[in-house]
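Report on one structure; see the data block that follows.
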2 protein chains.
Amino acid sequence: MAGQENPETELADAADAAVADGAAEPERKIAELEDSWRRTAAELENLRKRCAKDVIRAREQERASVAVRWLPVLDNLERALEHAASNPDQIVEGVRAVHQQALTVLADLGYPRRDDETGKAFDPARHEAVSTVTDEDLVPGTVAHVVRPGYGPDGEILRPASVVVATRSE
Amino acid sequence: MAGQENPETELADAADAAVADGAAEPERKIAELEDSWRRTAAELENLRKRCAKDVIRAREQERASVAVRWLPVLDNLERALEHAASNPDQIVEGVRAVHQQALTVLADLGYPRRDDETGKAFDPARHEAVSTVTDEDLVPGTVAHVVRPGYGPDGEILRPASVVVATRSE
């Protein structure tokens, strides 16, 4: 009954509590913020590690997925060689089919063979000049002859075509 | 001179300042924490976006880097076919060389051809049974014959070997 006896003391206690509460409020807020910040920082650290792993795994998966597409090409090369023993004439036909298959694999991967470069203006983005030729019948600065074909679409050239460039006669 | 005149007022002012300072301290701390948290959260978001892009770019780079390794195989196939026209006997030799080159590409990518499976115990992790054969000379449950070779090291089989499995005679 001590409390009830002195209302003034009770009021002072309440005021103290209010003050204490006022002090606890920012402290609680600080603790909460520190906790949130710490958790976000931990998430950031985890993501950093996971990201590095994801990149490595993506590479591995892509390497396997591209490599596996070449196995049928290899199988057919082997078949062509096996048949060559019993029927030598068939090998050219077989190898031609394998070659077509290999071109299809590359095109499916997004790297079609670039044909029809002969006669086009030399473009260092997709041509690599291996030599030049002087020919009255050719326009100087154009591709006279493709030595080795290029692969890949414009803007994503996997390998430029090796070409002989026509030059002006002197 | 007003301040100097009443030391009691000065003391009260100082006390007020101390209280105000005490109040500003947690507020400043809260603002700092909020700022730190916000920056870490923004970093997390940026990393999330960058990570997704990194994975996509890693795939693209890997696809290109694997595909480009096959171009010399293709070039040599074409050369073998070109020579075949003038010298048909050479094509077998040429294709055999291309085949070896293709095996080397796969091995370099981490997927060597798996040879020597014949006679080994059938293992679903690296063998795929395409048929069975009953043969008194063979141990039942072993590989009687490889129809199509497997590729890739233990634990990272790119393709299991297609095999004929020896079974017990009944």
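Peptides B:137-143, A:66-72, B:107-113 ranked from most to least packed, by the mean per-residue count of other Cβ atoms within 10 Å: A:66-72, B:107-113, B:137-143. Taking the protein heavy atoms of chain A in the context of the full set of protein chains, the accessible area attributed to carbon and sulfur is 51 percent at 1.4 Å. Inter-copy label distances for B:Arg113: 2.3 nm (label point placed 7 Å from Cα along Cα→Cβ; shortest first).
Label chain B by shape, choosing from rounded, prolate and oblate, from the square roots a ≥ b ≥ c of the eigenvalues of the Cα gyration tensor; if a/c is under 1.5 it is rounded, and otherwise prolate applies when a/b is larger than b/c, oblate when it is not. Because a/c hits 1.5 or more and a/b fails to exceed b/c, chain B counts as oblate.
Buried surface between chains B and A: roughly 5100 Å² of accessible area, summed over both sides, computed with a 1.4 Å probe on protein heavy atoms only.
Per-residue mean of foreign Cβ neighbours for A:79-91 is 2 (Cβ atoms of other chains, 10 Å radius).
Normalised per residue, the accessible area of the protein assembly as shown is 62 Å², obtained with a 1.4 Å probe and no contribution from ligands, DNA or RNA. Under 20 Å of direct C-alpha separation, and excluding same-chain neighbours fewer than eight residues apart, A:Lys29 reaches these lysines: B:Lys29.
The values are calculated or read from the model by the stated rules, or taken from the named source; none is laboratory data. Keep in mind the model is a prediction, meaning the values are calculated, not measured. Note that we place each Cβ from the backbone using ideal geometry, even for glycine, and neighbour counts take in every protein chain shown. Ligands, DNA and RNA are stripped out before the accessible areas are found, and what is left, the full protein with its side chains, is counted by its heavy atoms. Shrake-Rupley method; radii C 1.70, N 1.55, O 1.52, S 1.80 Å.
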